[in-house]
Amino acid sequence: MRIPSHLAIIMDGNGRWAEQRQLPRIAGHHRGVESVQEIVAECRTLGVRYLTLYAFSSENWGRPEDEVNALMGLLGRYLESELDTMCARNIRFQVIGEIDRLPAEVGQVLRRTVAQTANNKEMVLTLALSYGARNEMVRAIRELARQVADGRLAAEAIDDDLLSRTLDTAGLPDPDLLIRTSGEMRISNFLLWQLAYTELYFTEDLWPDFSRQKLHQAFAEYARRQRRFGLIAAQVKGEENH
């Protein structure tokens, strides 16, 4: 089976999973963490090199305060509990988004986890936290504009590669496959620049129900697709034969 080098996931449906069972929404988030643990482990086993998870969007700050506070606490506990596992599995952890908006104690845990896994090399696990792609692009464009205004950069030097290196995801390849759970068929302001040629896979499964078997199904579908990047099928086939 062809495995994507970089997998991105929009983990959607925790609240609905809980509501369907007449449970508090935070119960769905707790069950969603178990899915994260299972999928991270399976991706590491299968040889995925980069895994990027949409954990908390810029828009999620508008949710009820008690839910946001519970999510922040859950995030901190998850990172603290998973640090030894990430080190044992040689997983490097990083985060993208407006991290300064997160509670101070969560920021401390994030920085500590990033630092203590910095030398791990087998897989990069990226959490998108307080993240919105439009905001990311505006911040990158402003930085390039400052460099031009200061005389450190010629406007003509700005190209696709330079913008990519100015985004939060600098150093990461673009995702090969995006999975979104819960039946929603949109990308919700996630990695707008980076998803230009990414294969998209949508599933009706709510995130707490997304298991390693469901992951294998997504990868099987990905393996059946031919990625052409604007070329025609015959050209891609010719390149594959070389």
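Looking at Gln37, is it in contact (Cβ under 8 Å) with a residue 24 or more places away in the chain, of a type in the set (S, T, N, Q) and out of contact with any Leu (no Cβ under 6 Å at 6 or more places or on another chain)?
yes
Which one of these does Arg152 not meet: (1) buried (at least 19 other Cβ atoms within 10 Å of the Cβ); (2) over 14 Å from the mean Cα position of the chain (by Cα)?
With respect to (1) buried (at least 19 other Cβ atoms within 10 Å of the Cβ); (2) over 14 Å from the mean Cα position of the chain (by Cα), Arg152 is out only on (1).
Restricting attention to the stretch 86-103, and to residues there that are farther than 27 Å from Met137 by Cβ and not basic (Lys, Arg), which single residue is nearest to the chain's Cα centre (by Cα)? Write out each step before concluding.
Restricting attention to the stretch 86-103, the residues satisfying the condition of being farther than 27 Å from Met137 by Cβ are 86-91.
Going one step further and asking which of them are not basic (Lys, Arg), we end up with 86-88, 90-91.
Numbers: Met86: 16, Cys87: 20, Ala88: 21, Asn90: 18, Ile91: 15 Å.
Restricting to residues being farther than 27 Å from Met137 by Cβ and not basic (Lys, Arg), the top hit is Ile91.
Kindly provide the set of residues from the stretch 173-192 that are crowded, with 16+ Cβ neighbours inside 10 Å and either touching a helix residue (DSSP H, G or I) at 6+ places or on another chain (Cβ under 9 Å) or free of Cβ contacts under 8 Å to residues at least 60 places away in the same chain (or both), ordered by number.
Within the stretch 173-192, Asp174, Asp176, Leu177, Ile179, Thr181, Ser182, Ile187, Asn189, Phe190, Leu191 meet the criteria.
Kindly establish whether Gly107 is more than 22 Å from Phe190 (Cα to Cα) and either surrounded by 16 or more Cβ atoms within 10 Å (Cβ to Cβ) or free of Cβ contacts under 8 Å to residues at least 24 places away in the same chain (or both). Reasoning before the result, please.
Details: more than 22 Å from Phe190 (Cα to Cα): no; either surrounded by 16 or more Cβ atoms within 10 Å (Cβ to Cβ) or free of Cβ contacts under 8 Å to residues at least 24 places away in the same chain (or both): yes.
The answer is no for Gly107.
Is it fair to say Gln226 is at pLDDT 95 or above and either on the phi < 0 side of the Ramachandran plot or crowded, with 16+ Cβ neighbours inside 10 Å (or both)?
no
Only one of these is farther than 22 Å from Arg212 by Cβ and among the polar types (S, T, N, Q): Ser35, Ser5, Ser81, Ser57. Name it.
Ser57
In this structure, does Leu79 turn out to be surrounded by 14 or more Cβ atoms within 10 Å (Cβ to Cβ), within 21 Å of Asn120 (Cα to Cα) and in contact (Cβ under 8 Å) with a residue 24 or more places away in the chain?
Against the criterion (surrounded by 14 or more Cβ atoms within 10 Å (Cβ to Cβ), within 21 Å of Asn120 (Cα to Cα) and in contact (Cβ under 8 Å) with a residue 24 or more places away in the chain), Leu79 qualifies.
Is there a residue being under 18 Å from Val36 (Cα atoms) and among the small types (Gly, Ala, Ser) anywhere in the stretch 85-108?
Yes, that holds for at least one residue.
Please work out which one of (1) over 25 Å from Arg180 (Cα atoms); (2) in contact with an Asp or Glu (Cβ under 8 Å, 6 or more places away or on another chain) is the condition Gly76 fails and give its number.
For Gly76, the exception is condition (1).
Exactly one condition in (1) buried (at least 17 other Cβ atoms within 10 Å of the Cβ); (2) within 19 Å of Ala8 (Cα to Cα); (3) more than 14 Å from the chain's Cα centre (by Cα) is false for Val48; which is it?
All conditions are met except number (3).
Residue check, Arg112 against (1) touching a helix residue (DSSP H, G or I) at 6+ places or on another chain (Cβ under 9 Å); (2) of a type in the set (D, E, K, R); (3) surrounded by fewer than 12 Cβ atoms within 10 Å (Cβ to Cβ), all met but one. Which one?
In the conditions (1) touching a helix residue (DSSP H, G or I) at 6+ places or on another chain (Cβ under 9 Å); (2) of a type in the set (D, E, K, R); (3) surrounded by fewer than 12 Cβ atoms within 10 Å (Cβ to Cβ), Arg112 misses (3) alone.
The values are calculated or read from the model by the stated rules, or taken from the named source; none is laboratory data. It should be emphasised that the depicted structure is a prediction, and the values quoted were computed from it without experimental measurement. Neighbour counts run over all protein chains shown; Cβ positions are idealised from the backbone, glycine included.
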